[in-house]
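Here the structure is laid out as structure tokens; the discussion comes afterwards.
The values are calculated or read from the model by the stated rules, or taken from the named source; none is laboratory data. Remember, it's a predicted structure, so these values are computed and weren't measured experimentally. Because the Cβ atoms are built from the backbone with ideal geometry, glycine has one as well, and the counts that use them run over all protein chains shown. Heavy atoms of the whole protein, side chains included, go into the accessibility calculation; ligands, DNA and RNA do not. Shrake-Rupley method; radii C 1.70, N 1.55, O 1.52, S 1.80 Å.
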Amino acid sequence: MRISARADYAVRAALQLAAAQDEGPLKAEAIAEAQDIPHKFLEGILNDMRRGGLVLSRRGGNGGYRLARPAASISIADVIRVVDGPLVSVRGVRPPDLSYSGPAESLLPLWIALRANVREILDGVSLADVASCELPAGVSALAHTPGAWTNP
């Protein structure tokens, strides 16, 4: 699975907003600077997140962006889906819409299982979990398995 720069930036921006949830709106420039995200790129991401119902924006001197709902109710998957679409696709097609034959026939259940595991992790971790450095136990356990941090 590949996480796009757009998804990475969106999650980081959302985490910056989650950390400042009680402080009022943040300007895009402040988010971009804090997370080292190109400002113009971030503006497009924030607009997608606004259209997707994850952030609210307000214009003016006291304006900026804030989360549309509590950070605990927004999953990492929610953010990725808003900016990148489905979490798992094969050649741009969702796994249930694929079909294979012959020796490749069992690829479909493999892709479905992959999607189920990606969903389980990303839907099960909220912005609040990451912002507070308190990942769910199952996610922490996976991150600490032998070989998790090495490239094959």
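Using a probe of 1.4 angstrom and keeping all protein chains present, the accessible surface of the chain works out to 61 square angstrom per residue. Round to a whole number: what % of the accessible area of the chain belongs to carbon and sulfur, probe 1.4 Å? The computed percentage sits at 54. According to the calculation over all Cα-Cα pairs in region 82-123, the P(r) per 5 Å bin from zero is 6, 22, 30, 23, 12, 6, 2, 0 %. Projected label points at L110 and V88, each 7 Å from Cα along the beta carbon direction, are separated by 1.2 nanometres. Backbone geometry of region 13-30 corresponds, through the Karplus equation with coefficients 6.51, -1.76 and 1.60 at θ = phi - 60°, to 3J(HN,Hα) couplings of 5, 4, 5, 4, 5, 5, 5, 9, 3, 8, 9, x, x, 10, 6, 4, 4, 5 Hz, x marking Gly and Pro.
Computed from the Cβ-Cβ distance with R0 of 22 Å, the FRET efficiency linking L56 to R6 stands at 0.60. Only Cα sites of region 1-140 enter the Debye sum here, all with the same form factor; the resulting log10 I(q)/I(0) across q = 0.09, 0.12, 0.20 1/Å is -0.32, -0.53, -1.15, listed in q order.
Spin-label model, E33/N47: points 7 Å from Cα along the beta carbon direction are separated by 2.3 nm.
Report, to one decimal in Å, the Kirkwood hydrodynamic radius for region 5-71 based on all distinct Cα pairs. In region 5-71 this quantity evaluates to 11.5 Å.
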